[in-house]
């Protein structure tokens, strides 16, 4: 048996590939079921299902309807954090989201991408870290390996390709610093999420 690059595989490698394929099929089924769960208008039920699937979700945090996961077990969400509708949370590598983080609708957080210089177009994974009190505007894209510092603000539609320092305000494609948050002593709580979102 040959792999996708034409290399001859040993019997052990064939068996490993078969188990890997079965594991991937089961993960895809789990992700499909989580997609269905994402359309149920109950935070409590969705949160219970997401935790059951391996997402670590802190007290008082909410993921609104329509969330998409690529691997739920790589996602850690702190306390009092709200993730908006139709967010994409990759999870193939670690995503660590802090406390009191406000992530708007349709934000995409990726931690795996293809290496366009690799002859086999292999995936490259790198963790994403979002510290406490960050606000991320709608339709922002965050790419692998990015760290967003405490209290930073990311403008709507930005594409974040590099680390963002604490309290910076960033926007654009690619995102650049366009300002700084003046208030540095952040103590607010985001409050209760909407019941049917």
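Every number in this text was worked out from the coordinates using simple rules, so none of it is lab data. Quick caveat, the model's predicted, so the values are computed rather than measured. Every residue, glycine among them, receives a Cβ derived from its backbone with ideal geometry; neighbour counts consider all protein chains shown.
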ask   = What's the angle, to the nearest 10 degrees (0 to 90), between helix 43-53's Cα axis and the longest principal axis of the chain?
value = 40
ask   = How big is the chain on each of its three principal axes, counting only the C-alpha atoms and giving the largest first in Å?
value = 61, 39, 21
inquiry  = Can you compute the helix-only [θ] at 222 nm over the chain? Use -39500 (n - 2.57) per DSSP H run of at least 4 residues, normalise by all residues, nearest 500 deg cm²/dmol.
reply    = -6500 deg cm²/dmol
inquiry  = Given an 8 Å cut-off on Cα distances and at least 6 residues of separation, report the relative contact order of the chain as a percent.
reply    = 13
key: 5 Å binning of all Cα-Cα separations within region 123-189, expressed as whole percents from 0 upward   = 5, 19, 30, 25, 12, 7, 1, 1
message = Using 0.36 nm times the number of residues separating residue 32 and residue 173, minus their current alpha carbon distance, what extension gain do you get?
response = 47.6 nm
note = Across all Cα atoms of region 26-125, Rg and the largest Cα-Cα distance (Dmax), in Å, are 13.8, 45
message = Report the gain in length on full extension from residue 73 to residue 52: 0.36 nm times residue separation, minus Cα-Cα distance, nm rounded to one decimal.
response = 6.6 nm
key: Cα long-axis angle, helix 11-37 against the chain (0 to 90 degrees, to the nearest 10)   = 30
ask   = Rounded to the nearest 0.05, what FRET efficiency do residue 162 and residue 189 have when you use their Cβ-Cβ distance and R0 = 41 Å?
value = 0.85
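Between residue 182 and residue 124, what length in nm is gained on full extension when 0.36 nm per residue of separation is reduced by their alpha carbon distance?
Values: separation 58, 0.36 × 58 = 20.88 nm, distance 3.62 nm.
Separation in residues times 0.36 nm, less the Cα-Cα distance, equals 17.3 nm.
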request  = Could you check what % of the DSSP bridge pairs in the chain are antiparallel, to the nearest 5?
outcome  = 20
remark   = Per the 1/(1 + (r/R0)^6) rule, R0 = 35 Å and r from the Cβ atoms of residue 15 and residue 147, FRET efficiency to 0.05 is 0.35
